[in-house]
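The structure appears right after this line, and notes come after that.
The values are calculated or read from the model by the stated rules, or taken from the named source; none is laboratory data. The model shown is predicted, which means the values in this text are computed figures rather than measured ones. FYI the Cβ positions are ideal-geometry reconstructions off the backbone, even for glycines, and counts take in every protein chain you see.
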Amino acid sequence: MMTGQQPIIVLKEGTKREKGKGAQSNNIMAALAISDAVKSTLGPKGMDKMLVDSMGDVVVTNDGATILKEIDVEHPAAKMIVEVAKSQDEECGDGTTSAVVLTGELLKHAEDLLEQNIHPTVICGGYKLAADKAIEVLKNMAINVKEDDKKVLIDIAITSMASKGASGEKEKLAGVVVDAITNVKEKVGNKTYVDLDNIQIQKKQGGGIANTEIIEGIILDKERVHEGMPKVVKNAKIALVNSALEVRKTEVDARIQIQDPTQLQAFLDEEESMLKKMVEKIKKSGANVLICQKGIDDIAQHFLSKEGIFCVRRGKKSDLEKLSKATSGKIVANLDGLTSNDLGYAGSVEEKKIGDDKMTFVTKCKNPKAVSILIRGTTEHVVDELERALHDALSVVKVALEDGKMTAGGGAGATEVAMSLRDYAPTIGGREQMAIEAFANAMEIVPKTLSENAGLDPIDMMLEVRSQHKKGNKNAGINVLYGKVDDMLKNKVIEPLRVSLQEIEASSEAATMILRIDDVIASRGGGAPPGAEGGMPPGMGGMPPGMM
């Protein structure tokens, strides 16, 4: 008995603790709330979300990863679901909504099993078996993608953009995306690699989405530094310099004392001749375009314009690196070392006015390994959402090229996995069988949500899709545009294999992680408020709940 004894206080005052079933159901509810938040954005008939932050900035999007990034999530389990979307976005660039919805559904079905007193570890074991089997089924379903098959790559890009705001111009945009990827892809051995950093995306408001174009070269969001310079340079020889064309300051603090006014003049003349020498070095190398990462002195600008050299200053480091890839030029740190071998080549360097801003277009590069996409749209929000749609489409085409595998979309893969898992579950037996069946039911959330968002009856649709799969039509999925079950390959609704694999891996891992938590101990930020102890020695006052 504890009569007269001092209770033992282990946790700091204000710490909240939840154990057992309460902790689990709370975490599952939080995860479901997140998955419900993005559910309505899934598929071509999905809706968009408008997110307004504390500053009043508005984002209109239907990209799962963006939605979850923009909303401030407080609950720790919900944050884990946001991580699922993040990892899906980094790995594949698309399928973020599906991954989050699937995680929520896996947890929802797990909760039913928990209520039947099935141990969380058993459920996790069953989910692991199911996920492995699902990956095997998808790999068997996959179809090869030929590297030079532009049509298929365009269809993959169109599928990715069908659910975005840019879907009206998806054919045109898909062409732009595939052109950009085919320009920058590189072969190492017999593997293809695509580095998306070599595709520069420039956004400019004005014009319509249809005005979006690919530039075989680089666009700099800069204008020439002096009006006297030529606006257009044909057969440009480009010097990429990352040092300043300015008189160097002394490294340490120094004062220069001048007794005589003529000395001042000599000092100024020397500064001018130093700048002139710099310009002469550029001229001597044969360059007629200079892209400088740092500043250019006014006097140097004057000399450069006299020599007829087109000049841009304060270019971004990333832009210089892309220019180096596009024009085969070398970035030079010291002008003394600049030779004609370091210069890059472009057919044309031109300053154009786009909207209100002047931009420099470096185009007609020989075999450019870096290209630009100039995005146009009527309003800022349209341009931003278009950029997100293009990011997804670029990532998906990249993944398809690198892996060379694709599967049918429209919920066909998910249905095939669910059917196979239902056949597979009895072979395992035991309580894990129930977890595998729960996983199979959860997989069907993708076609169900697609039909719901398209205003179709999910039950009728699911029955029809299942019966098609039973007949052996593995590529049957939901054609949301016509409200019927159809062969998705014939309808050109295809996605890379990696997107589906990553969805299953990310969602099953996140679900098992959340299921294994049976105790949540949350300390109150910053301890107890001042004066709450009422002047008692530490640990005496404010007994934790349940200790009285």
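The residues on offer are Glu251, Glu280, and the sole one that is over 39 Å from the mean Cα position of the chain (by Cα), without any contact (Cβ under 8 Å) to a residue 60 or more places away in the chain and more than 16 Å from Gln301 (Cβ to Cβ) is Glu251.
The set of residues in region 82-118 that are among the β-branched types (Val, Ile, Thr) and either without any contact (Cβ under 8 Å) to a residue 40 or more places away in the chain or under 21 Å from Gly411 (Cβ atoms) (or both) comprises Val84, Thr96, Thr97, Val100, Val101, Thr103.
Considering only region 181-203, how many residues are touching a residue at least 40 places away in the same chain (Cβ under 8 Å) and either among the β-branched types (Val, Ile, Thr) or farther than 18 Å from Leu153 by Cα (or both)?
Going through region 181-203 one residue at a time, the tally reaches 11.
The set of residues in region 427-453 being over 16 Å from Thr415 (Cα atoms) and buried (at least 20 other Cβ atoms within 10 Å of the Cβ) consists of Glu432, Ala435, Asn453. Applying a threshold of 7 Å to beta carbon distances and a minimum spacing of six or more residues, or different chains, the list of pairs starting in region 204-222 at a residue that is farther than 14 Å from Lys325 by Cβ and at pLDDT 80 or above and ending at one that is surrounded by fewer than 18 Cβ atoms within 10 Å (Cβ to Cβ) and small (Gly, Ala, Ser) reads Lys204/Gly355; Gln205/Gly355; Ile209/Gly168.
Hey, any hits in region 481-492 for a residue that's surrounded by 18 or more Cβ atoms within 10 Å (Cβ to Cβ) and either in contact with a Lys or Arg (Cβ under 6 Å, 6 or more places away or on another chain) or at pLDDT 90 or above (or both)?
From region 481-492, those surrounded by 18 or more Cβ atoms within 10 Å (Cβ to Cβ) are 485-486, 488-489, 491; that's our starting set.
Now restrict to residues that are either in contact with a Lys or Arg (Cβ under 6 Å, 6 or more places away or on another chain) or at pLDDT 90 or above (or both): none.
There is no residue in region 481-492 that is surrounded by 18 or more Cβ atoms within 10 Å (Cβ to Cβ) and either in contact with a Lys or Arg (Cβ under 6 Å, 6 or more places away or on another chain) or at pLDDT 90 or above (or both).
Which members of region 9-53 meet the condition of being among the aliphatic types (A, V, I, L, M) and in contact (Cβ under 8 Å) with a residue 60 or more places away in the chain? Spell out how you get there, then give the answer.
The first filter runs over region 9-53 and keeps only residues among the aliphatic types (A, V, I, L, M), leaving 9-11, 23, 28-34, 37-38, 42, 47, 50-52.
Result: Ile9, Leu11, Ala23, Ile28, Ala31, Leu32, Ile34, Val38, Leu42, Met47.
Filtering region 254-277 to residues that are farther than 13 Å from Glu307 by Cα, touching a residue at least 12 places away in the same chain (Cβ under 8 Å) and surrounded by fewer than 18 Cβ atoms within 10 Å (Cβ to Cβ) leaves Glu271, Glu272, Met274. Checking Val480, Val465, Val485, Val499 one by one, the residue that is without any contact (Cβ under 8 Å) to a residue 40 or more places away in the chain and touching a Gly at 6+ places or on another chain (Cβ under 8 Å) is Val485 and no other. The lone criterion from (1) touching a helix residue (DSSP H, G or I) at 6+ places or on another chain (Cβ under 6 Å); (2) within 30 Å of Gly430 (Cα to Cα) left unmet by Asn140 is number (1). Out of (1) buried (at least 21 other Cβ atoms within 10 Å of the Cβ); (2) at pLDDT 85 or above, the odd one out for Lys139 is which? Lys139 satisfies all of (1) buried (at least 21 other Cβ atoms within 10 Å of the Cβ); (2) at pLDDT 85 or above except (1).
It is to be established whether one or more residues within region 335-343 are of a type in the set (S, T, N, Q) and outside any loop (DSSP other than H, G, I, E, B). Quick ask: steps written out before the conclusion?
Taking region 335-343 and keeping what is of a type in the set (S, T, N, Q), we get 339-341.
Of the ones still in play, those that are also outside any loop (DSSP other than H, G, I, E, B) are 340-341.
Yes; the residues of region 335-343 include at least one that is of a type in the set (S, T, N, Q) and outside any loop (DSSP other than H, G, I, E, B).
Just one residue in the set Ser340, Ser328, Ser372, Ser318 is among the small types (Gly, Ala, Ser), in contact (Cβ under 8 Å) with a residue 24 or more places away in the chain, farther than 27 Å from Glu227 by Cβ and surrounded by 15 or more Cβ atoms within 10 Å (Cβ to Cβ); that residue is Ser328.
Restricting attention to region 468-477, which residues are in a helix (DSSP H, G or I) and touching a residue at least 40 places away in the same chain (Cβ under 8 Å)? Passing the criteria: His469, Lys470.
Being of a type in the set (Val, Ile, Thr) and at pLDDT below 80 is true for just one of Val252, Val233. Which residue is that? Break it down stepwise before answering.
Numbers: Val233 fails: at pLDDT below 80.
Being of a type in the set (Val, Ile, Thr) and at pLDDT below 80 holds for just one of Val252, Val233, which is Val252.
Out of region 450-467, which residues are assigned to a loop (DSSP other than H, G, I, E, B) and acidic (Asp, Glu)?
Answer for region 450-467, where residues must be assigned to a loop (DSSP other than H, G, I, E, B) and acidic (Asp, Glu): just Asp457.
For Asp457, the conditions (1) surrounded by fewer than 20 Cβ atoms within 10 Å (Cβ to Cβ); (2) more than 19 Å from Gly46 (Cα to Cα); (3) of a type in the set (Asp, Glu) are fulfilled apart from (2).
Quick check on my filter: what residues within region 227-241 are at negative phi and not aliphatic (A, V, I, L, M)?
Glu227, Gly228, Pro230, Lys231, Lys234, Lys237
Give the residues of region 177-215 that are exposed (fewer than 13 other Cβ atoms within 10 Å of the Cβ), more than 14 Å from Ile354 (Cα to Cα) and in contact with a Ser or Thr (Cβ under 9 Å, 6 or more places away or on another chain), sorted by residue number. Listed by number, the residues that qualify are Glu186, Asp197.
Pairing each residue of region 421-435 that is under 19 Å from Asn117 (Cβ atoms) with any residue that is surrounded by fewer than 16 Cβ atoms within 10 Å (Cβ to Cβ), provided the two are 6+ apart or on different chains, yields C-beta distances under 7 Å for Arg431/Val122; Glu432/Val122; Gln433/Pro426; Ala435/Val122. If I filter region 15-28 for residues that are out of contact with any helix residue (DSSP H, G or I) (no Cβ under 7 Å at 6 or more places or on another chain), under 30 Å from Thr379 (Cα atoms) and not aromatic (Phe, Trp, Tyr), do I get at least one hit? Among the residues of region 15-28, not one is out of contact with any helix residue (DSSP H, G or I) (no Cβ under 7 Å at 6 or more places or on another chain), under 30 Å from Thr379 (Cα atoms) and not aromatic (Phe, Trp, Tyr), which makes the answer no.
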